């Protein structure tokens, strides 16, 4: 269930950022987050740093994309509930 929630939140992020003026760094972080989720097969993400990428994405989105930042914060909270 938590994985599905995170997948849904990432989809929300894609929708929220579609057409917005995002930086290459933000696009890269979102792609990394999606890639980590795609390779996640258990309680610990495959490469172990999905939280780090999510935190960096949150920092990048910051003030310029506040709604997307709130979605990213929700992803972080879900990861925290998973103990990540």
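The values are calculated or read from the model by the stated rules, or taken from the named source; none is laboratory data. Keep in mind that this is a model prediction, so the values were computed, not measured. Positions of Cβ are generated from backbone atoms using ideal geometry, with glycine treated the same way; all protein chains shown enter the neighbour counts.
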For the subset of the range 1-14 comprising residues that are at pLDDT below 85 and more than 18 Å from residue 32 (Cβ to Cβ), which member is surrounded by the fewest Cβ atoms within 10 Å (Cβ to Cβ)?
1
Taking residue 37 and the conditions (1) exposed (fewer than 15 other Cβ atoms within 10 Å of the Cβ); (2) closer than 13 Å to residue 7 by Cα; (3) at pLDDT below 80, which numbered condition does it fall short on, given that it satisfies the others?
(1)
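Counting only residues that are closer than 19 Å to residue 19 by Cβ and touching a residue at least 40 places away in the same chain (Cβ under 8 Å), which one in the range 65-84 is nearest to the chain's Cα centre (by Cα)?
Pass one, the range 65-84, residues closer than 19 Å to residue 19 by Cβ: 65-72.
Imposing the further condition that a residue be touching a residue at least 40 places away in the same chain (Cβ under 8 Å) reduces the set to 65, 67-68, 71-72.
On the way: 65: 14, 67: 13, 68: 10, 71: 8, 72: 5 Å.
Here the residue is 72.
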Across the range 48-71, what is the number of residues that are part of a helix (DSSP H, G or I) and under 12 Å from residue 26 (Cα atoms)?
11
Cβ-Cβ below 8 Å, separation at least six or inter-chain, first residue in the range 1-24 and touching a residue at least 40 places away in the same chain (Cβ under 8 Å), second surrounded by fewer than 13 Cβ atoms within 10 Å (Cβ to Cβ) and outside any helix (DSSP H, G or I): which pairs?
none
Residues located in the range 2-24, provided they are at negative phi and assigned to a loop (DSSP other than H, G, I, E, B):
18, 20, 21, 22, 23
So is residue 44 modelled with pLDDT under 80, on the phi < 0 side of the Ramachandran plot and either in a loop (DSSP other than H, G, I, E, B) or surrounded by 15 or more Cβ atoms within 10 Å (Cβ to Cβ) (or both) or not?
yes
